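**Q** Would you mind keeping the following structure in view while I ask a few things?
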Amino acid sequence: MATLLAIIRPGGRTQRCDARCYDARPDTACNCVCEGANHAAGLAVAMICTRRQVQRWIALARERDPDILTVEIGLDVQTDPLF
Ligand SMILES: [Zn+2]
């Protein structure tokens with residue numbers, strides 16, 4: 001299960017965008033750090049979407065909760081593939 005983005009708060013509370021989000025059924029509720037952008041999108045589309053929007057999602061999360069300790073961006077979405 002690839003984690004695309006993880007936001008870690010004090011006490012170890014972690015919010016992730018992972019397969020529970022991008023592989024979810026479209027008719028389920030979403031309360032994800034991706035603001036629902038990756039919900040039910042599948043991994044390939046979610047990776048593209050995350051590359052484009054991850055900095056905005058991190059800024060939004062920090063705006064809502066300035067106590068965020070760490071942000072981890074999945075290795076697969078940190079760079080565009082070369083080929
Ligand atoms: Zn998500």
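**Q** For residues in segment 5-31 being in a loop (DSSP other than H, G, I, E, B) and closer than 17 Å to Val77 by Cα, which is nearest to the ligand (Cβ to nearest atom)?
**A** Initially, segment 5-31 is screened for residues in a loop (DSSP other than H, G, I, E, B), giving 9, 13, 18, 23-31.
After this cut, where a residue has to be closer than 17 Å to Val77 by Cα as well, the list is 18, 23.
Values: Asp18: 8, Asp23: 10 Å.
Once the filter is applied, the top-ranked residue is Asp18.
**Q** Okay, moving on. Among (1) loosely packed, with under 15 Cβ neighbours inside 10 Å; (2) part of a helix (DSSP H, G or I); (3) within 10 Å of the chain's Cα centre (by Cα), where does Arg62 come up short?
**A** (3)
**Q** Hey, another quick one. For residues in segment 65-79 being among the hydrophobic types (A, V, I, L, M, F, W, C) and under 14 Å from Cys17 (Cα atoms), which is most open to solvent (accessible area, probe 1.4 Å)?
**A** So the first thing to find is which residues in segment 65-79 are among the hydrophobic types (A, V, I, L, M, F, W, C), and the list is 68-69, 71, 73, 75, 77.
With under 14 Å from Cys17 (Cα atoms) added as a condition, the list becomes 71, 73, 75, 77.
Values: Val71: 38, Ile73: 45, Leu75: 141, Val77: 8 Å².
Result: Leu75.
**Q** Next question, about the same structure. Being assigned to a loop (DSSP other than H, G, I, E, B), of a type in the set (Gly, Ala, Ser), in contact (Cβ under 8 Å) with a residue 12 or more places away in the chain and within 11 Å of the ligand (Cβ to nearest atom) is the filter here, so list the residues in segment 32-56 that pass it. Before you say what the answer is, go through the steps one by one.
**A** Our first condition is that a residue be assigned to a loop (DSSP other than H, G, I, E, B); within segment 32-56, this holds for 32-42.
Going one step further and asking which of them are of a type in the set (Gly, Ala, Ser), we end up with 36-37, 40-42.
With the extra rule that they be in contact (Cβ under 8 Å) with a residue 12 or more places away in the chain, the set shrinks to 37, 40-42.
Within segment 32-56, Ala37, Ala40, Ala41 qualify.
The values are calculated or read from the model by the stated rules, or taken from the named source; none is laboratory data. Bear in mind the structure is a predicted one, so any value in this text is a computation, not a measurement. Backbone-built Cβ (ideal geometry, glycine too); neighbour counts: all protein chains shown. Note: accessible area is taken over every heavy atom of the protein model, side chains too, but ligands, DNA and RNA are not part of it. Shrake-Rupley method; radii C 1.70, N 1.55, O 1.52, S 1.80 Å.
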